[in-house]
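The values are calculated or read from the model by the stated rules, or taken from the named source; none is laboratory data. As the structure is a prediction and not an experimental result, all values here were calculated from the model. Neighbour counts are summed over all protein chains in view; Cβ atoms, including those assigned to glycine, are modelled from backbone coordinates with ideal geometry. Accessible surface areas use protein heavy atoms only, side chains included; no ligands, DNA or RNA. Shrake-Rupley method; radii C 1.70, N 1.55, O 1.52, S 1.80 Å.
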Amino acid sequence: MGDWMTVTDPGLSSESKYISQYTSETKMSPSSLYSQQVLCSSIPLSKNVHSFFSAFCTEENIEQSISYLDQELTTFGFPSLYEESKGKETKRELNIVAVLNCMNELLVLQRKNLLAQENVETQNLKLGSDMDHLQNCYAKLKEQLETSRREMIGLQERDRQLQCKNRNLHQLLKNEKDEVQKLQNIIASRATQYNHDMKRKEREYNKLKERLHQLVMNKKDKKIAMEVLNYVGRADGKRGSWRTGKTEASFFLRNEDEMYKILLNDYEYRQKQILMENAELKKVLQQMKKEMISLLSPQKQKPRERADDSTGTVISDIEEDAGELSRESTWDLSCETVREQLTNSIRKQWRILKSHVEKLDNQVSKVHLEGFNDEDVISRQDHEQETEKLELEIQQCKEMIKTQQQLLQQLATACDDDTTSLLRDCYLLEEKERLKEEWSLFKEQKKNFEKERRSFTEAAIRLGLERKAFEEERASWLKQQFLNMTTFDHQNSENLKLFSAFSGSSDRDNPTVHSRPRQKKPHGAPSGSPVCTSKLTKSLPASPSTSDFCQTRSCVSEYSSSISVLNTTPEESKPNQVGRECTNQKWSVASRPDSQEGCCSGCSSTHADAHIEKDDLP
Amino acid sequence: MNFSEVFKLSSLLCKFSPDGKYLLRITVWSLCTKSVSYIKYPKACQQGITFTRDGRYLALAERRDCKDYVSILVCSDWQLLRHFDTDTQDLAGIEWAPNGCVLAAWDSCLEYKILLYSLDGRLLSAFCAYEWSLGIKSVAWSPSSQFLAVGSYDGKVRILNHVTWKMITEFGHPATINNPKIVVYKEAEKSPPLVLGRLTFPPPRAAAGPLSSTESEYEVASVPVSLQTLKPAADRANPRIGIGALAFSPDNCFLATRSDSVPTAVWIWDIQKLRLLAVLEQLSAVRCFQWDPRQARLAICTGGGKVYLWSPAGCVSVQVPGEGDFQVLSVCWHLSGDSLALLSKDHFCLCFLETEQGVGTAFGQRGDHT
C-alpha cells in the first residue's frame with residue numbers, strides 16, 4: 001500500500017496531530033500496520049476513536065483496504081468479502097452482506113474473547129490467593145510438626161530416664177529383699193548354732209554344778225543356810241517326811257478325777273455361755289428379719305412401674321419365712337439346718353432390702369439428672385417452673401393489692417370528710433333530682449291520662465246523649481219522612497231501597513257518609529265504636545237529596561266540631577309529647593270540615609299515637 | 001485357815017529362798033505338820049512357779065537336759081498330776097488362767113512363742129506373732145479368763161481370746177497421740193507459794209530435792225501430745241523397749257500398760273471398745289502400778305513421794321505425808337480395796353481410802369518385808 005494520507009477533522013486538531021504523526025511515520029506492510037493498529041486500539045478509547053479508525057482506511061484506499069481485509073478474513077476462516085466473481089480479471093464487487101456478517105462475527109468473537117479474558121483473570125486471582133493461603137498453611141504445619149517432633153523426643157527421653165530409674169529401683173528392691181532373706185537365713189543359722197551352744201553350755205554348767213555341790217556337800221562344815229528362827233521342831237528333832245502319797249493309786253485316780261471334773265465344769269460353763277449368746281444372737285437375727293420383711297412388704301403392695309421379678313420372690317419369701325418362723329421358734333436348738341435356714345433367709349432379705357435401697361437411690365438420681373416424669377414423681381424442672389409461675393402470680397397480686405391500697409388511701413385521704421359527704425350528697429341529689437323529674441313526668445302523664453280518661457268518659461257520655469238525641473231526631477225525621485212519604489207513593493220503594501241499602505252495606509252509596517260516621521269511631525270507647533257507627537249509619541237516611549245531605553252535613557259538622565273539641569282536649573293535655581306537632585297539624589286539618597279524610601286519617605293516626613303513647617307511659 | 005492358801009504364801013516366799021535356789025529344789029514347808037517336801041529341778045526363771053487362783057494346783061516349770069517341762073501338782077496332797085514337756089527353747093514363764101483350766105507358758109525374749117495348755121496337759125494352742133525380733137516381755141490374763149494380753153518388745157500388746165486363742169486386736173504405743181477422744185493427763189508441778197520474808201540463803205531444801213516436797217497436779221493436755229521417749233542403747237542386752245508391765249482391771253474393763261520406751265507414761269485401754277482410753281504422763285518413770293482388787297482404780301508410783309490414782313472419773317496425785325523423803329517404790333492393794341500399802345526401801349505406808357475425804361496414812365517400818 002502506499003502512504004496513508006491523513007484526513008484530519010477540523011475539530012480534533014491535537015489528537016489528530018498525534019495520530020497523523022504516528023501514522024505518517026509508517027510505511028510498513030499491512031500486517032505490521034495491522035499490529036500497530038491493534039496497539040493503537042489499546043490506547044484508551046476516550047480519545048477520539050473515529051480519527052483512529054479512519055487511519056486504516058481512507059477514501060483513497062478503499063479497494064486496497066477491502067482486499068486486505070478480505071485476505072485477512074479468509075485466512076481466519078471467514079467467508080470472502082467479495083461477491084462471487086463471474087469471470088476472471090473482472091473487478092469483484094464488495095459483498096455488503098458478507099461484510100456485515102463478518103463484522104458481526106468479529107464483534108461476537110471480540111465479546112467472547114473479552115469474557116474469556118475476564119474469567120481467566122478472575123481465576124488467576126483466585127488461584128493466586130489460594131496459593132498464598134496454602135503456602136501459609138503449609139508453613140504453619142511445618143512449624144507444628146517441628147515442635148511436636150521436638151516434644152516427642154523430649155518425652156521419649158524422659159520416659160527412658162524414668163524407665164531407667166524404675167529399673168534401678170526394682171533392682172535395689174530386689175537387692176534389699178535378697179539381703180533381708182540372707183540376713184534372715186544368717187539369723188536362723190545363728191539361732192540354731194546358738195541354741196546348740198547354749199544346750200551344750202547348760203549341760204556343762206549342770207555337770208559342774210553337780211560336781212560343785214558334791215564337793216561342797218562333802219566339805220559341809222558350816223551350813224550356809226537360812227537361819228531358822230523359832231524352829232518349829234519335832235519331838236525327835238528330825239524333819240518328818242511328808243507323805244505326799246505318790247504311790248497310792250487311789251489318790252492318783254482321785255486327783256485325776258478331780259482334775260477332769262474341773263475341766264469338764266469349765267467346759268460346760270463355757271458352753272452354756274456360748275449357747276446363751278447364740279440364742280440371743282438368733283433372737284436378734286429373727287427380729288431383724290421380721291423387721292426387714294415388714295419394711296419390704298408395704299412397699300411391694302404399691303404397683304410400681306419398676307417392680308421387677310423380686311416382688312414375686314419377696315411375696316413367696318414372706319410366706320416361706322412365716323412358716324420358717326413358726327418352725328424355728330419350736331427349734332431352739334442349734335441344728336445345722338435351722339441355723340443355715342436362718343442365715344440364708346436373713347441374707348436373702350438383706351439382699352432384697354439392699355436392692356430396694358439401691359433402686360430408690362437410682363430413682364432419685366434419675367429424677368435429678370433426666371427430669372424423669374413418673375405418675376407420682378414430679379420432675380424437678382416442672383416443679384421449678386410451677387413455683388416460678390406461682391411466684392409471678394403472687395408478685396402481680398401483691399402489686400395489684402398495693403395499687404388498690406394506694407388508690408383507696410388516696411380516696412380516703414385526698415378529700416376531707418365534708419367533701420366526701422358533700423360528694424355523696426351531690427350524687428344523691430343528682431339521683432334525687434332525676435327521680436323527681438321522673439316522678440313529675442310520671443305524675444303529669446298520670447294526670448294526662450286521667451284527663452283523657454275523663455274526657456273520654458265525658459265524650460262517651462255525651463256521645464251517648466247525642467246519640468239518643470240523634471236517634472230521637474232520626475226517629476222524628478223518619479216519622480216526618482214517613483208521613484211525607486205516605487203522601488208520595490213512588491218514594492216508598494226508594495226509601496225501602498235506601499233502608500235496605502243502609503241496613504246492608506253502607507259503603508256502596510255514600511262513601512262520604514261512611515267517612516263521617518267513621519269519624520265517630522275513635523271517640524267512643526275504642527272497642528265499642530263500630531257498633532255506634534253502624535247504628536249511626538243505619539239511622540242516617542241516605543237520600544241523595546242535597547237538603548238531606550246538608551242536614552246530615554250540619555249534623556256532621558256539629559259532630560265534627562264536637563269531635564274537634566274532643567280532639568283538642570287531648571292535644572292540650574299533652575303539650576310535651578314528641579310528635580304532637582304533627583298531630584296538631586292533623587287536627588288543624590281535621591277542624592276543617594272539608595277535608596274529612598285527612599281528619600279521619602289524623603284521627604286514626606292520633607288514635608294510634610294515643611295507643612302508642614298510652615302504652616309508652618309506664 | 002485354808003491350808004493351801006497359806007501354803008501358797010509360804011511357797012511364794014520359798015521361791016526366792018536361797019535354799020531352793022542353792023539346792024536346785026523347791027522345799028515345800030508344811031506349817032501345820034511341820035514337814036518338808038522337795039521338788040526337784042525347778043526352773044529359776046522369771047515366773048517358774050504359779051498357783052491356780054483357788055490354790056488347788058501348782059504348775060511348775062522345770063528344765064532337764066536342756067528341755068523344758070511343766071509339772072502340774074495337786075496342792076492338796078502334792079501329787080504330781082501331769083508332767084509334760086513344752087516346745088520352747090527357754091521357758092521364761094508360766095501362768096494359770098484365773099479359771100484354773102488353762103496354763104499359759106511363754107518362751108524367752110529371743111523367741112516369740114506362747115503356748116496354752118489345758119489343765120490335763122494337752123496343748124490347746126500356740127501363738128507366734130513374728131519371728132527373729134525380741135519377743136514376749138510380759139503376759140497378763142484378764143480376770144474372767146476371756147483375754148490373754150501379751151506384751152512384746154516391739155511395743156505392742158496383743159490380745160488373744162479364749163475361744164479360738166487367736167489375736168483379736170493389737171495395741172500400739174506410739175509416742176504421739178493425735179486422737180482427740182483420748183484423754184491425756186500430764187502431771188505438772190505446782191509451784192510452791194512464795195512466802196515473803198522467808199527467803200534464806202542458801203536456798204531452801206525444797207529446791208534441792210527434786211519432787212519430793214513439791215505439790216503436783218494433773219492437767220489435761222490437748223491433743224496432739226507427744227510423749228517423752230527414751231532412746232534405747234541398741235548394742236546392749238535387755239534394751240529398754242517393749243511392754244514392761246500389763247495389768248487388767250478386776251471388772252475386765254480396762255487394761256493398764258507401760259511401754260518401756262516411754263517410761264513415764266501409763267496407758268489405759270478400754271477393753272469393751274478395744275481402744276485407748278487415757279494416757280497418764282508422769283514427771284518421772286513409772287515404777288509400779290496395781291489395780292484395786294475390787295474396782296477399776298489404778299494406783300501408780302514413780303519412785304517419788306507421791307502416789308497417783310486413776311479411775312474412769314479422773315486421776316489424782318497424792319503426796320505421801322512424812323518426814324524426809326519417802327520414795328514410793330511399789331504399791332500393794334489390800335484385798336478389800338480399802339487400803340493401799342506404799343512401799344519404799346525400808347519403810348512402808350498404809351493409805352486408807354475414804355469415799356469422801358482424803359487419804360489417811362499410817363506409817364510403818366518395812367523391816368523384814370521382802
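Results, tabulated for the structure shown:
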quantity: Per-residue HN-Hα couplings for the range B:125-140 [Karplus 6.51, -1.76, 1.60; θ = phi - 60°; Hz; x = Gly/Pro]; calculated: 6, 10, 10, 9, 7, 7, 10, 6, 7, 5, x, 6, 10, 8, 9, 8
quantity: Residue B:167 accessible area, 1.4 Å probe, all protein chains in place, Å² to nearest 10; calculated: 80 Å²
quantity: Pairs beyond 21 Å (Cα-Cα), from A:177/B:231; B:43/B:67; A:283/A:348; A:209/B:43; B:190/B:306; A:209/B:137; calculated: A:177/B:231; A:209/B:137
quantity: Distance between modelled label sites at residue A:277 and residue A:219, nm, 7 Å Cα→Cβ extension; calculated: 6.4 nm
quantity: Approximate spin-label separation residue B:275-residue A:346, in nm, with each point projected 7 Å along Cα-to-Cβ; calculated: 2.4 nm
quantity: FRET efficiency, 1/(1 + (r/R0)^6) with R0 56 Å, evaluated for residue A:389 and residue A:425 via beta carbons; calculated: 0.75
quantity: Burial ranking of peptide ranges B:239-245, A:147-153, A:467-473 (average Cβ count within 10 Å, highest at the top); calculated: B:239-245, A:467-473, A:147-153
quantity: Loss of accessible area when A meets B, both sides summed, Å² nearest 100, probe 1.4 Å; calculated: 3400 Å²
quantity: Accessible-area value, residue A:383, 1.4 Å probe, nucleic acids and ligands omitted, Å²; calculated: 100 Å²
quantity: Neighbourhood net charge (11 Å Cβ-Cβ; Lys/Arg +1, Asp/Glu -1) for residue A:439; calculated: +1
quantity: Förster-model FRET efficiency, 41 Å R0, residue A:382 and residue A:411, C-beta, rounded to 0.05; calculated: 0.45
quantity: Potential lengthening between residue A:63 and residue A:370 on full extension [0.36 nm per residue; Cα-Cα distance subtracted]; calculated: 100.9 nm
quantity: Residue A:131-residue A:399 pseudo-label distance in nm [points 7 Å out on the Cα-to-Cβ vector]; calculated: 6.7 nm
quantity: Backbone N under 19 Å from the residue A:139 label point (7 Å along Cα→Cβ), restricted to the range A:90-129; calculated: A:127-129
quantity: Förster radius 51 Å - calculated FRET efficiency between residue B:235 and residue B:336 (Cβ-Cβ, nearest 0.05); calculated: 0.60
quantity: Average beta-carbon neighbours from other chains, 10 Å sphere, peptide A:258-270; calculated: 4
quantity: Proximal charge balance of residue A:193 [Cβ under 14 Å; K/R count +1, D/E count -1]; calculated: +3
